[in-house]
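Beneath this line is the structure, given in structure tokens, with notes to follow.
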Amino acid sequence: MSRIAAAPERAAGPSWPSKPPGWFGVGTLVAAHLAIIVASNVLVQWPIELFGVLTTWGAFTFPLVFVATDLTVRLLGRQAARRVVARVMGPALIASYVVSVLWHDGRFQGFGALAAFDGFVARIALASFVAYVVGQLVDIAVFDRLRRRASWWLAPAASTVVGSALDTALFFGVAFHRSSDPFMAEHWVQIAFADYATKLAISLFAFLPLYRVLLEANSASPSRRGFPALGPTSAGACTPRRNAL
């Protein structure tokens, strides 16, 4: 009995390269996530005012995590992106606590500060852990659902809007609801809204174009020759099959 060959998978959305550059792997992405988290925990201690809104330098760095995650889902698949989150979350919890104890009010406190357990900082580190895990997993789910749509910007924009909203709400809620810090206990909701608005503006107006540029660069590199260019597929065209992850 003859077998009928399965038809190649069709996609209505953009035709992106299915093979990432050699350096773009789970190990590299884990290191990138940890570097962004550590940098953000330090930079969050330096405030900055933008158009009358008080935020911190950390708002400029942490949204890069969403860019990295969206690129991972696009090029490696959602399972690889989930593996990155699974490998990052434990070390990130420890790193968040250690960095926040060593750096306080923008000053290095010395390694002796680690000798005593700081419950207030531990709660903030736990909040960062919960917010990162939930925010990233939701970002992955939303992006994966929308990534084959014709508009290239829809998946990264929607996933960032939803993922960042959950990340911000969980972080401030877990860290500062009924906090021992009277100011944060009273004002954490307003501060969370301002923080989310700032991160969202930076993500959509700066990092969304960066996502496009990185995909264009990946498509144009010599190792991408033979793969289709960016843009919508023609009627009846087939996109290359992705690795099963």
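The values are calculated or read from the model by the stated rules, or taken from the named source; none is laboratory data. On a predicted model such as this, the values are computed, not experimentally measured, just so you know. All Cβ positions, even for glycine, are placed from backbone atoms using ideal geometry, and neighbour counts span all protein chains on display. These area figures cover heavy atoms from the full protein model, side chains too; ligands, DNA and RNA do not enter into them. Shrake-Rupley method; radii C 1.70, N 1.55, O 1.52, S 1.80 Å.
Some points to look at:
- Any chance residue 53 is of a type outside the set (D, E, K, R) and at pLDDT below 85: yes
- Criterion applied to 90, 58, 135, 110 was being open to solvent by less than 70 Å² (accessible area, probe 1.4 Å), of a type outside the set (Asp, Glu) and over 22 Å from the mean Cα position of the chain (by Cα), and the one residue passing it is 110.
- Of the residues making up segment 58-91, those that are outside any helix (DSSP H, G or I) and not aromatic (Phe, Trp, Tyr) number 3.
- Checking each residue in segment 36-55 for being within 13 Å of residue 191 (Cβ to Cβ) and more than 20 Å from the chain's Cα centre (by Cα) picks out 47, 53, 54.
- Unique residue being more than 13 Å from the chain's Cα centre (by Cα), more than 20 Å from residue 96 (Cβ to Cβ), surrounded by 20 or more Cβ atoms within 10 Å (Cβ to Cβ) and modelled with pLDDT under 80 when the list is 21, 17: 17
- Single residue of 160, 168, 198 found to be within 12 Å of the chain's Cα centre (by Cα) and either open to solvent by less than 20 Å² (accessible area, probe 1.4 Å) or modelled with pLDDT under 95 (or both): 160
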